[in-house]
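A.B. asks: Have a look at the structure that comes next, please.
What follows draws every value from the coordinates through simple rules; no lab data is involved. These figures come from a predicted structure and were not determined experimentally. A quick note on method: Cβ atoms are made from the backbone with ideal geometry, for glycine too, and the neighbour counts reach across all protein chains shown.
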């Protein structure tokens, strides 16, 4: 113990050389590296001296972090989460009101009336399948088709409690089955049947894609932009169907964090993300559907113009869903998860 | 020197230890307890009522308990025989494979679980090989449910038994066994009546570590549970569902169950403490002589270690696979160096590595000093406060990493110096503090096990020769407990280096550690890059372990000479 081993000295000195400099913009976001690097680089080019740093995490985690950092906020921008979660953040007083120039292009239900968050993209949910084994004609065409005996033990579901996407799908289906009344019994029945079909609840999207490609299951329910990205960037044999009778469409948003250390720059970034240029970039390279309705249809990429007419939004009461989802999901976790088979849905 | 001055001087270690425990360990957790009984500004037991009325919650409690008990049993069954094999017998390759058997501790938790999937998952290498060899229609097993969790736990936690038993064996005084032998005791009798009782502190410490780690384990049940309920996954579920009170109640139940186990074990251990009296030397390794044993013993040893190393090999394999090409094939077909090239050319990458090294060093240094003092006080003093000290040093292990992180985040998010609260959230210091708190039990257990085998008569001898307290500590106690303490310290260092559960909640961009970087690679659907980074982390841990181990041995010999 008398002297320090030289190797430790080296390790410690290596550890000492950590430094960052310049003006830094911190973005909390679940949008993934490709999109973020793209936007970060462009924004840095337009604003020399600024470094955009993003922390990649789930949308629920962003909310948790903002809550715990309330006294010492570390983020400037929260980019990406279903509107339901932004509403919670706004209710908790974590967001700073600010109205970007492009906000007028949004319909009223895609923005906060008090200007604390704004919609950026629309995320339709779809039925994805392994295209090496299942042809697009054979694949389930509607939500109810997923309950067909053909897909017994072939359905993979992303762990629903932690996933904004799955929560949106489950709650929309409960709402649909209740025929607008909000009485969840019929929807619970539907989810119980889905549980009987489900082979596995998968931890995260990455593993979900992996398992689908490896034929551990053949069908899953997931977000369209993610599947499009997967098709474009990997060789995985995956394709998808947009249910024609209506599909849940999640509104994704962006917000300025209360207590941002760099509010001017953060506002500029938000302006850029929602600008025509920013939205078209996201649409062309990252398969994001703009939430704004005032863009010139001619400027949209081909894939989007082709897909838009096929997307029929499932009619839901957003306020009711935002209020009741936690209760429904708690019921699902306690009484439906892994109970489908025991309930006689063979 | 006045009497009062001397007693204050002797009391300062106690004041420091108790102060740190109260401030960094107990205080934050009182906030957690408070939130479980404080609903909308009023005290209420509704959270507990909801918990005990729910079938799912009780299922989770039961699941946690039996999984943890099973993990202790299975880990002991793997770890203890391996330790005997590699410390008691001499055969070619012993040193190398003995060292390799400790490797699972160097597999970063998150990455380890992923390589398990690639190996034993439904489309994993081993699974598909067996399926093909036997010509089965469907995979021979599915890696889900309680059995899968047990397997993963045993795989990753036997190391605690292995390392602590090996350390215990090397400290064991051979003269007792020799005496028994000369009195005519059979080998079996010596094993059960002499060796095993003397190993009791080491086995007890390992059981506690494994039980607590299993109770708090989150990634294994989350990934392999497939709906199998344990308390940690319930906490997560409640939290993401926005039910904070229920999450806190579940946390308190989890902590209470763990502490209960600790209490039972302590009671059992009492009166079973053996100090190595006299100046015995540890038993020499037995040359394997009989032709039968010469073949069988190395085969078992090497075979077992080989199996235990498969996840590491898988990790290395995945790090060379071209992204997105490995789907239904048994083994990947396209290989590339791109994952490493990207890693070594990106300047961004070095930041997390440097961060982790720096934070782990700080935390471990604090752990060593603190736990040395704490263990000394606990084992040496027979004062009434001793039970409370043990309780406080073990408390962090009874709480899942997520909870410690949440407790620290709540407590240190406001500036109220008069209440001992300062803003640490969002600063560099919160993570080293979390690592320090989380590793107190690990290092303290190791130090306490060493002190139990340490003969306090030596101290009296030193005092008799005129040595002061500090000199006695430095020249007598420290060198003698150093091997055990350093083993704990090394474990703590590598744990901190790969720590994930609390890091993910507390990191800031500037202090992001390696594990968080690996997670973001995984999120970006980049298994190859994540695996490459995992390999770098594992190599780093191995390096630290090997160098650290050598340094400890050198220091120990130096002190003896």
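A.B. asks: Return, ordered by residue number, the residues of segment B:369-412 whose backbone nitrogen is under 17 Å from a label point located 7 Å along Cα→Cβ of residue B:11.
C.D. replies: In segment B:369-412, the label zone of residue B:11 (backbone N under 17 Å from the point 7 Å along Cα→Cβ) covers B:377, B:381-386.
A.B. asks: Fully extended, how many nm does the chain gain between residue A:92 and residue A:144 (0.36 nm per residue separation, minus their Cα-Cα distance)?
C.D. replies: 15.0 nm
A.B. asks: Kirkwood hydrodynamic radius, chain A, all distinct C-alpha pairs: what's the number in Å?
C.D. replies: It works out to 21.7 Å.
A.B. asks: With every atom except the alpha carbons ignored, what do you get for Rg and Dmax of segment A:42-127, in angstroms?
C.D. replies: Every Cα atom of segment A:42-127 included, Rg and Dmax give 14.3, 44 Å.
A.B. asks: So, in nm, how far is label residue A:285 from label residue B:336 when the simple model puts each one 7 Å beyond its Cα toward the Cβ?
C.D. replies: Placing both labels 7 Å beyond Cα along the Cβ direction yields 1.9 nm.
A.B. asks: Please average, across the residues of B:32-40, the number of beta carbons from any other chain that are within 10 Å of each residue's own beta carbon, and give a whole number.
C.D. replies: Average neighbour count from other chains, rounded to a whole number: 0.
A.B. asks: With the crude spin-label approximation of a point 7 Å out along Cα→Cβ, what separation in nm comes out for residue B:423 versus residue A:262?
C.D. replies: Each label point lies 7 Å from its Cα, and together they span 1.8 nm.
A.B. asks: I need B:215, B:132 ordered by Cβ neighbour count within 10 Å, fewest first.
C.D. replies: Fewest-to-most Cβ neighbours within 10 Å comes out as B:132, B:215.
A.B. asks: So between residue B:455 and residue B:62, what do we pick up on full extension, going 0.36 nm a residue minus the alpha carbon distance?
C.D. replies: Contour length minus the Cα-Cα distance gives 137.4 nm.
A.B. asks: I would also like to ask the following. For chain B, what is the mean residue ellipticity at 222 nm derived from helices alone (per DSSP H run of n ≥ 4: -39500 (n - 2.57); sum divided by total residues; nearest 500 deg cm²/dmol)?
C.D. replies: Helix contribution divided over all residues of chain B: -23500 deg cm²/dmol.
A.B. asks: Can you figure out the FRET efficiency of residue A:341 with residue B:39, using R₀ = 41 Å and their beta-carbon distance, to the nearest 0.05?
C.D. replies: Taking R0 as 41 Å, the efficiency between residue A:341 and residue B:39 is 0.65.
A.B. asks: Something else about it: Averaged over its residues, how many other protein chain Cβ atoms are within 10 Å of peptide B:293-305's Cβ atoms?
C.D. replies: 0
A.B. asks: Right, another one. For a quick check, take a GNM of chain A with Cα springs below 10 Å and name the residue from A:239, A:144, A:112 with the largest mean-square fluctuation.
C.D. replies: Checking each option, the largest mean-square fluctuation is seen for A:144.
A.B. asks: Hey, another quick one. How long is the gain from residue A:299 to residue A:114 if the chain were fully straight, where each residue apart is worth 0.36 nm and the alpha carbon distance is subtracted?
C.D. replies: Contour length minus the Cα-Cα distance gives 63.6 nm.
A.B. asks: A follow-up question, please. Would you please state which residues of segment B:66-82 a label at residue B:185 would reach in this model, taking the label point 7 Å out along Cα→Cβ and a backbone N cut-off of under 20 Å?
C.D. replies: Backbone N within reach: B:81.
A.B. asks: Now for a different question. Which FRET efficiency, nearest 0.05, do residue B:174 and residue B:478 yield, Cβ-Cβ r, R0 22 Å?
C.D. replies: The formula returns an efficiency of 0.35 here.
A.B. asks: Could you tell me the distance between the Cα centroids of segment A:168-225 and segment A:257-335, to the nearest Å?
C.D. replies: That distance is 21 Å.
A.B. asks: Taking the Cα atoms only, what angle lies between the long axis of helix A:318-331 and the longest principal axis of chain A, rounded to 10 degrees?
C.D. replies: With both axes taken from Cα atoms, the answer is about 80 degrees.
A.B. asks: Separate question: Using helices alone, I'd like the mean residue ellipticity at 222 nm for chain A: each DSSP H run of four-plus residues gives -39500 (n - 2.57), total over residue count, nearest 500.
C.D. replies: Helices in chain A give a 222 nm mean residue ellipticity of -11500 deg cm²/dmol.
A.B. asks: Summarise the partner chain shielding of A:212-220 as one whole number: the mean count of Cβ atoms from other chains within 10 Å of each residue's Cβ.
C.D. replies: Partner Cβ neighbours, averaged per residue: 3.
A.B. asks: Next question, about the same structure. Please work out the FRET efficiency for the pair residue A:245 and residue B:50, using the Cβ-Cβ distance as r and a Förster radius of 60 Å; give the result to the nearest 0.05.
C.D. replies: The calculated FRET efficiency here is 0.95.
A.B. asks: Quick check: pseudo-label points 7 Å beyond the Cα along Cα→Cβ at residue A:23 and residue B:88, how many nm apart are they?
C.D. replies: Between residue A:23 and residue B:88, the label points sit 7.0 nm apart.
A.B. asks: Using only Cα atoms and rounding to the nearest 10 degrees, what angle (0 to 90) does helix A:59-68 make with the longest principal axis of chain A?
C.D. replies: 50 degrees
A.B. asks: Here's another thing I want to ask about it. To the nearest Å, what is the center-to-center distance of segment A:75-92 and segment B:164-200, using C-alpha atoms only?
C.D. replies: The distance from the Cα centre of segment A:75-92 to that of segment B:164-200 comes to 63 Å.
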